[in-house]
Amino acid sequence: MAPGIVEPAVPDRTIDSLATLTRAYDDTLRFYLNGTKVVLDNADPEITLLEYLRGIGLTGTKLGCAEGGCGACTVVVSQWNPTTKSVYHASVNACLAPLVSVDGKHVITVEGIGDAKRPHPAQERIARGNGSQCGFCTPGIVMSLYALLRNDPNPSEHDVEEAFDGNLCRCTGYRPILDAAQSFSAKAGCGKATTNGGSGCCMENGDGGGCCKDGKDGDDQPIKRFTPPGFIEYKPDTQLIFPPALRKHDFKALAFGNKKKKWFRPVTLQQLLEIKSVYPSAKIIAGSTETQIEVKFKAMNYSASVFVGDIPELRQYSFQDDYLEIGGNVVLTDLEKICREAIKHYGEVRGQPFATILKQVRYFAGRQIRNVGTPAGNLATASPISDLNPVFVATNATLTAKSLDKTTDIPMSTFFKGYRATALPPDAIIASLRIPAAKEKGEYIQAYKQAKRKDDDIAIVNSCMRIVLGDGDIVESADLVYGGMAPITIPAKKASAYLQGRKFTELETLEGVMSALEEDFDLRFGVPGGMATYRKSLALSFFYKFYHEVLSKLQAGELEVDTEAIGEIERDISKGEKDHKAGEAYQQITLGREANHVAAMQQCTGQAQYTDDIPVQKNELYGCLVLSTKAHAKLISVDPEPALDLPGVAAWVDHNDLASPEANWWGAPSCDETFFAVDEVFTAGQPIGIILADTAKRAEQAARAVKIVYEDLPAIFTIEEAIEKDSYFSHFRDIKRGDTEKAFAEADHVFEGIARMGGQEHFYLETQACVVVPKPEFGEMEIFSSTQNPSETQAYVSKVVGVAANKIVSRVKRMGGGFGGKETRSIQLAGIVACAANKTRRPVRCMLNRDEDIITSGQRHPFLSKWKVAVNKDGRIQGLDADVINNGGWSQDLSGAVVERAMTHIDGVYAIPNVFVRGRIAKTNTVSNTAFRGFGGPQGMFIAETYMEEIADHLKMPVEELRQINMYSEENGMITHFNQEIRDWYVPLMYKQVQEESNYSGRREAVTEFNSKHKWNKRGLALIPTKFGISFTALFLNQAGALVHIYHDGSVLVAHGGTEMGQGLHTKMTMICAEALKVPQADVFISETATNTVANTSSTAASASSDLNGYAIWNACKQLNERLEPYRQKLGPDATMKDLAHAAYFDRVNLSAQGFYRTPDIGYVWGENTGQMFYYFTQGVAAAEVEIDTLTGDWTCRRADLKMDVGRSINPAIDYGQIEGAFVQGQGLFTTEESLWHRASGQIFTKGPGAYKIPGFRDIPQVFNVSLLKDVTWENLRTIQRSRGVGEPPLFMGSAVFFAIRDALKAARKEFGEEAVLSLRSPATPERIRVSCADPILRRAWVEPGEGEKSFFVSI
């Protein structure tokens, strides 16, 4: 048995009796897969549904996180639902679902509903609606939409909006996916709707009679569904049927497995109780949403598991006079329906407990989890932050526990005994739950939850409050129950006791409860889980909200109700507009037109191949990295022998297996990092070795068995600690222009401040992955790697295995996202896997788990800047002095280039005559931080906009005016601090246009009025410009090659140096080639990027790939056109490429051409401050409006308006996708995405979607408008098609949301008399929003650290 945490030892006789008990159980799984019957009598008991599907070649279903948090693995499991007595098509996370759970059900994967030639309407509309970029998340999103449509062919707009709460996408910004999905909504699908050319849907016309499709008006003639022109019609009656055989499937008790692991699937309550009686420690599993995470990430090892999801008796419910009884195993999706029924059954007043449950379930995880998760599972795991447990405790619910010989009723108030410990007897199961209905009069119940993100997030604090008032509003009973405030779900005992017998409507009652709550939750600064002040303030704020909500219902005249505290921020259905006519003025045959991503349909149908989808090679081994668990330590000993003794394990590989000791070193430009640690580890997550085994699971188990002894050394985590200890890398740069000392001496004002921003995890949906295939001759090797940098991969692999680069071929077809995280960090995995393949001479595959990826692959650099600005009283800035420091982590990687770009963008869009800026890299013991979309540019511009905001506050002038006064212009000057002239400058024009098109001044007045009338909710606006320099700052990288072949049949094959990671590069390149050769785009194909077709390529980065590779392709096509020109003359204008190629071939004309391009004019010299840094600047402006709830820190982006100058767009559809995706990624950077390290262990805490929160579908702006600059000329732009790079520049515009939050916080602070200038650190998480307020509730909740006390988490 592999090492791990094992359940209590079980006597042999217990196992014997269990074997005897289950001897008659069946051992065969029977289910349907995409319409075909599957019978398995030798199923591996340890694999999940996802592992089974991918193992049989259905690789459309992806592994994104293995914890049910991203939705990439979503499939549909159609089943007869014993609760609702109907067929339900459940979207589920295949990464969590045990294989046993699909017996008797129909599993439908993305491959089962359509292919690229015959797509399902859901696949087609997402593909053609530009809803797929990298495509890795797309199959899961398609299946969530498919499940919605199968369950309701006419979903409401709201249903569509919420259908994806269990799915994440890192590329698109979600807007195009939602637009595609909304085409199926009842409103969009109505032929009468005005949007579809009709006279108006009955819902639009406000007839009050509901929808004509309901059939309630007696007209049985259905209105024909509207299908957008040119799209496949969705016909519910032509979908995969629920197999008739499954309607009469005989659910048999199952027992299967091996010596290591056994699964039992009882189908009656009696069978379950019998198993529990003979084997009390058997693991009971319903949805497996918690258990699979324990097995995968916590090394828990359950030798006997009992799946209870198919016991109908546990999935029933009934309405009694005074209570609702639900079976313990009712799934949460059904619980939603039951609660709606209960509200109707008992009425709104008596149905309050069920409305409360409904509210909490709505934001409980994602739909995929709610489709399998159960109340019993939730109770048994006893999570202290469960959303439902406080409701069950506060409503005085009673749990019925059954064992074979007795039934026990356990009041929920006594159920939780300690952290993850309950009063459930060992041999009992949770059979049902009785939830009392509320009283007809005097009882009030509300629930609250605050998390980092609205949808699919665990609570920071949650609560359910219930109060019963008698005559004269005297409190008869009170239950104030909280989660997230202690190791268990806990009542506020002192506060509840204080309420007893008091008159609720007296103001001193509120004050007394607040004081009692302070005593109940007297958190210390270093409390586990951190956020002491925030959590305490939430406990108080929730009661404050509850108090006034109850008052409002009492209509008590003697007390004024604070109506502003009632309720929470609600979102409207999101929408957005794009200007689809932006490119009309310069459209050509192919270029300038909107076209879909060339692989969109393949991605939407699951046919697009990613690295780990490559079919398994003969004799292939799977690798699992053995990583350091210490932030800084000496390696005393590393013993792989215990791992090598395990079955299936083939080898241990470490630094001794490299071609030479020198081959262990890698990194560019500084070669200061090792593939394998030797004597010392410098960060938690540093590779020490790799275990190879015949399956991925065995490799993973064996990796845990490697014994490592450490000796701890001091560790540094933050920039502040590095400054204190003078821990820096040797890299130092400065840029100096003008005389800053003179500017400070002569200016009217000098202001100083600190700008601080955290890092950001890339969270590409496809983690780092690599397959290496050694060849039998000359040391040749093929590397299939998910990398942005094939050439550097080739170079380091050749070094690792000790052969020349010409023996190594590095290939990449596509990546499931990159964002800079696969520019250098992919080389670490490729080098290690290549070393392993070289040692064993067998193919080796390794795809990192999400947690492994996060702890090894680095992040966006955190930054700190101390700035000083000279400014005159008219607002004109005279000088800037700044120290800029980034957190490089334990090795340099690209940190030097990142800090340099930050220094070049610290001017923002502002002409500052005197500048002195210095840049350094802090050396710490965190992951080695690396390239990330924007590459220091966003950090530099954040510093700029921070000093602009704070200067405006000091001067008491509108920041929009301060920005306008200081922008580069003919009057202010057009020369940057690094002495580059800015040309084709349209930021001032766009600044004006965005204000006009978004009615900015009118909305500013409306925001001011709103804030004057609302005490707790505040709105804010921000208008943020951007300019982003395009070029690699390393001169030699600004080059590209291409190879173009024309074949006999007229088809064209293109190879170029750029890689496809979802940004649409291959799409743009095929368009350029098609335009140049005058052929249809469909005749041009790009197969992959490989080092044996185009050599010495630069990484796909810096937003320059379209410019570089596009011109290289154009250059190759120009050569081919010159060779074909005589044949065009001879054969005439109507000759096809097939005709031309045929004729040229027989004349022995070369139909292949190599193109090359290097960016002209550039070549900056550091120190001298001479030469041109960038070829040009991409520009943009964004306006954002937010609303915040200052009592909780909750917020929403109400609207965003973006305008980008992308020159003459090659493909506006692709560019819009980049702008929307970058904006939302930037919004995440500046708001929800916070990386935290666990102080005690030195390990990163936020290493998966459970703790690290990228924006979800319902985090995007409610109104999201995007346009491209048009009706101008670009006289100095000499790029391909006169287009501008667009991948990175829009990301910083996401900071408009951050600065709008800051604007709202200024109003919140002013409300309570605080007018000091606010220094707001990024990201503006709900915690930072709340603790930046200045209200009395926050002041009384404030927690100061004790002497020497430090926070539980470190925010890097």
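The values are calculated or read from the model by the stated rules, or taken from the named source; none is laboratory data. Note that the coordinates shown come from a computational prediction; the quantities given were computed from them, not determined experimentally. Note that we place each Cβ from the backbone using ideal geometry, even for glycine, and neighbour counts take in every protein chain shown. With ligands, DNA and RNA removed, areas are computed over all heavy atoms of the protein, side chains included. Shrake-Rupley method; radii C 1.70, N 1.55, O 1.52, S 1.80 Å.
Could you tell me whether any residue of the stretch 403-416 is at negative phi, in a loop (DSSP other than H, G, I, E, B), of a type in the set (F, W, Y) and open to solvent by less than 10 Å² (accessible area, probe 1.4 Å)?
Yes: one or more hits.
For the structure I just gave you, tell me whether T1192 is polar (S, T, N, Q) and surrounded by fewer than 24 Cβ atoms within 10 Å (Cβ to Cβ).
Answer is no for this residue.
Residue under question is G1285, and the condition is that it be part of a loop (DSSP other than H, G, I, E, B), closer than 30 Å to A1040 by Cβ and open to solvent by less than 30 Å² (accessible area, probe 1.4 Å); does it hold?
So G1285 passes the test.
Residue under question is A651, and the condition is that it be assigned to a strand (DSSP E or B), touching a Lys or Arg at 6+ places or on another chain (Cβ under 7 Å) and more than 18 Å from L848 (Cα to Cα); does it hold? Steps first, please.
Values: assigned to a strand (DSSP E or B): yes; touching a Lys or Arg at 6+ places or on another chain (Cβ under 7 Å): yes; more than 18 Å from L848 (Cα to Cα): yes.
Criteria met by A651.
Return the residue satisfying two criteria in turn: it lies in the stretch 654-671 and is within 21 Å of F729 (Cα to Cα) and assigned to a loop (DSSP other than H, G, I, E, B), and of such residues it is most open to solvent (accessible area, probe 1.4 Å).
P669
Can you find a residue in the stretch 1201-1219 that is in contact with a helix residue (DSSP H, G or I) (Cβ under 6 Å, 6 or more places away or on another chain), crowded, with 23+ Cβ neighbours inside 10 Å, modelled with pLDDT of 95 or more and under 22 Å from G71 (Cβ atoms)?
No, that holds for no residue.
Quickly run through the stretch 1307-1319 and pick out the residues that are modelled with pLDDT of 95 or more and surrounded by fewer than 21 Cβ atoms within 10 Å (Cβ to Cβ).
Correct list: A1307, R1309, K1310, E1311, F1312, G1313, E1314, A1316, V1317, L1318, S1319.
State yes or no: is R434 touching a Lys or Arg at 6+ places or on another chain (Cβ under 8 Å) and either in contact (Cβ under 8 Å) with a residue 12 or more places away in the chain or open to solvent by less than 30 Å² (accessible area, probe 1.4 Å) (or both)?
Details: touching a Lys or Arg at 6+ places or on another chain (Cβ under 8 Å): no; either in contact (Cβ under 8 Å) with a residue 12 or more places away in the chain or open to solvent by less than 30 Å² (accessible area, probe 1.4 Å) (or both): yes.
No.
For I141, all conditions in the list (1) out of contact with any Pro (no Cβ under 9 Å at 6 or more places or on another chain); (2) open to solvent by 10 Å² or more (accessible area, probe 1.4 Å) hold save one; what is the number of the exception?
It fails just one condition, (2).
Among (1) under 30 Å from the mean Cα position of the chain (by Cα); (2) not in a loop (DSSP other than H, G, I, E, B), where does T926 come up short?
Every condition holds for T926 apart from (2).
Quick one: in the stretch 545-570, which of the residues that are small (G, A, S) and modelled with pLDDT of 90 or more is surrounded by the fewest Cβ atoms within 10 Å (Cβ to Cβ)?
Among residues in the stretch 545-570 that are small (G, A, S) and modelled with pLDDT of 90 or more, the one surrounded by the fewest Cβ atoms within 10 Å (Cβ to Cβ) is G567.
I'm checking my understanding of the structure. Among residues of the stretch 236-264 that are in contact (Cβ under 8 Å) with a residue 60 or more places away in the chain and assigned to a helix (DSSP H, G or I), which one is surrounded by the fewest Cβ atoms within 10 Å (Cβ to Cβ)?
R247
So which residues in the stretch 293-319 are in contact (Cβ under 8 Å) with a residue 12 or more places away in the chain and either part of a loop (DSSP other than H, G, I, E, B) or acidic (D, E) (or both), if there are any at all? Steps first, answer last, please.
Here is the first cut: in the stretch 293-319, the ones in contact (Cβ under 8 Å) with a residue 12 or more places away in the chain are 293, 296-317, 319.
Result: K298, A299, Y302, S303, V308, G309, D310, I311, E313, Q316.
So, restricting to helices (runs of 4 or more DSSP H) that lie completely within the stretch 935-1022, which ones have at least 2 residues that are surrounded by 22 or more Cβ atoms within 10 Å (Cβ to Cβ) and touching a His at 6+ places or on another chain (Cβ under 7 Å)?
Passing ranges, in order: 937-955.
Tell me, which residue of the stretch 1336-1356 that is in contact with a Pro (Cβ under 8 Å, 6 or more places away or on another chain) and over 28 Å from W1016 (Cβ atoms) is least open to solvent (accessible area, probe 1.4 Å)?
That would be I1356.
Given the structure, is F1352 aromatic (F, W, Y) and either closer than 21 Å to K1015 by Cα or without any contact (Cβ under 8 Å) to a residue 40 or more places away in the chain (or both)?
no
Checking V267 against (1) open to solvent by less than 50 Å² (accessible area, probe 1.4 Å); (2) part of a helix (DSSP H, G or I), only one condition comes out false. Which one?
Of the numbered conditions (1) open to solvent by less than 50 Å² (accessible area, probe 1.4 Å); (2) part of a helix (DSSP H, G or I), the odd one out for V267 is (2).
From the list K1118, K1068, pick out the single residue that is assigned to a helix (DSSP H, G or I), closer than 30 Å to G1171 by Cβ, among the charged types (D, E, K, R) and under 35 Å from the mean Cα position of the chain (by Cα).
On the way: K1118 fails: under 35 Å from the mean Cα position of the chain (by Cα).
Sole residue among the options that is assigned to a helix (DSSP H, G or I), closer than 30 Å to G1171 by Cβ, among the charged types (D, E, K, R) and under 35 Å from the mean Cα position of the chain (by Cα): K1068.
Does the stretch 322-335 include one or more residues that are open to solvent by 10 Å² or more (accessible area, probe 1.4 Å), in contact (Cβ under 8 Å) with a residue 60 or more places away in the chain and assigned to a strand (DSSP E or B)?
Among the residues of the stretch 322-335, at least one is open to solvent by 10 Å² or more (accessible area, probe 1.4 Å), in contact (Cβ under 8 Å) with a residue 60 or more places away in the chain and assigned to a strand (DSSP E or B), which makes the answer yes.
May I ask you to list pairs of residues, at least six apart or on different chains, whose Cβ atoms are under 6 Å apart, with the first in the stretch 1121-1138 being farther than 14 Å from A1153 by Cβ and the second being open to solvent by 80 Å² or more (accessible area, probe 1.4 Å)?
K1138/D1049
Which of (1) open to solvent by 10 Å² or more (accessible area, probe 1.4 Å); (2) not in a strand (DSSP E or B) does I885 not meet, given it meets every other one?
It fails just one condition, (2).
Tally up the residues in the stretch 270-292 that are among the small types (G, A, S) and not in a loop (DSSP other than H, G, I, E, B), please.
Summing the residues that are among the small types (G, A, S) and not in a loop (DSSP other than H, G, I, E, B) in the stretch 270-292 gives 1.
Among the residues of the stretch 1127-1181, write down those that are small (G, A, S), under 46 Å from the mean Cα position of the chain (by Cα) and buried (at least 20 other Cβ atoms within 10 Å of the Cβ).
To start, the set of residues in the stretch 1127-1181 that are small (G, A, S) comprises 1132, 1135, 1141, 1143-1144, 1152-1153, 1155, 1163, 1167, 1171, 1180.
Now restrict to residues that are under 46 Å from the mean Cα position of the chain (by Cα): 1152-1153, 1155, 1163, 1167, 1171, 1180.
Correct list: A1153, G1155, G1180.
Looking at (1) over 28 Å from E900 (Cα atoms); (2) open to solvent by 80 Å² or more (accessible area, probe 1.4 Å), which is the only condition I690 fails?
(2)
Quick one: would you say E577 is open to solvent by 30 Å² or more (accessible area, probe 1.4 Å), touching a residue at least 40 places away in the same chain (Cβ under 8 Å) and closer than 30 Å to W1237 by Cβ?
Against the criterion (open to solvent by 30 Å² or more (accessible area, probe 1.4 Å), touching a residue at least 40 places away in the same chain (Cβ under 8 Å) and closer than 30 Å to W1237 by Cβ), E577 does not qualify.
Among the listed residues T674, T605, T611, T683, which satisfies the condition of being surrounded by 16 or more Cβ atoms within 10 Å (Cβ to Cβ) and under 19 Å from I783 (Cα atoms)?
None of the others qualify; the one that does is T611.
Conditions tested, residue by residue: (1) among the β-branched types (V, I, T); (2) under 30 Å from V527 (Cα atoms); (3) not in a strand (DSSP E or B).
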| residue | (1), (2), (3) |
| --- | --- |
| P425 | no, no, yes |
| K439 | no, no, yes |
| A447 | no, yes, no |
| D456 | no, yes, yes |
| V481 | yes, yes, no |
| M485 | no, yes, yes |
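Any residue in the stretch 516-544 that is without any contact (Cβ under 8 Å) to a residue 40 or more places away in the chain and assigned to a loop (DSSP other than H, G, I, E, B) sitting within a Cβ distance under 9 Å of a residue that is surrounded by fewer than 18 Cβ atoms within 10 Å (Cβ to Cβ) and hydroxyl-bearing (S, T, Y)? List the pairs, counting only those 6 or more apart or interchain.
Taking only residues 6 or more apart or on different chains, not a single pair turns up.
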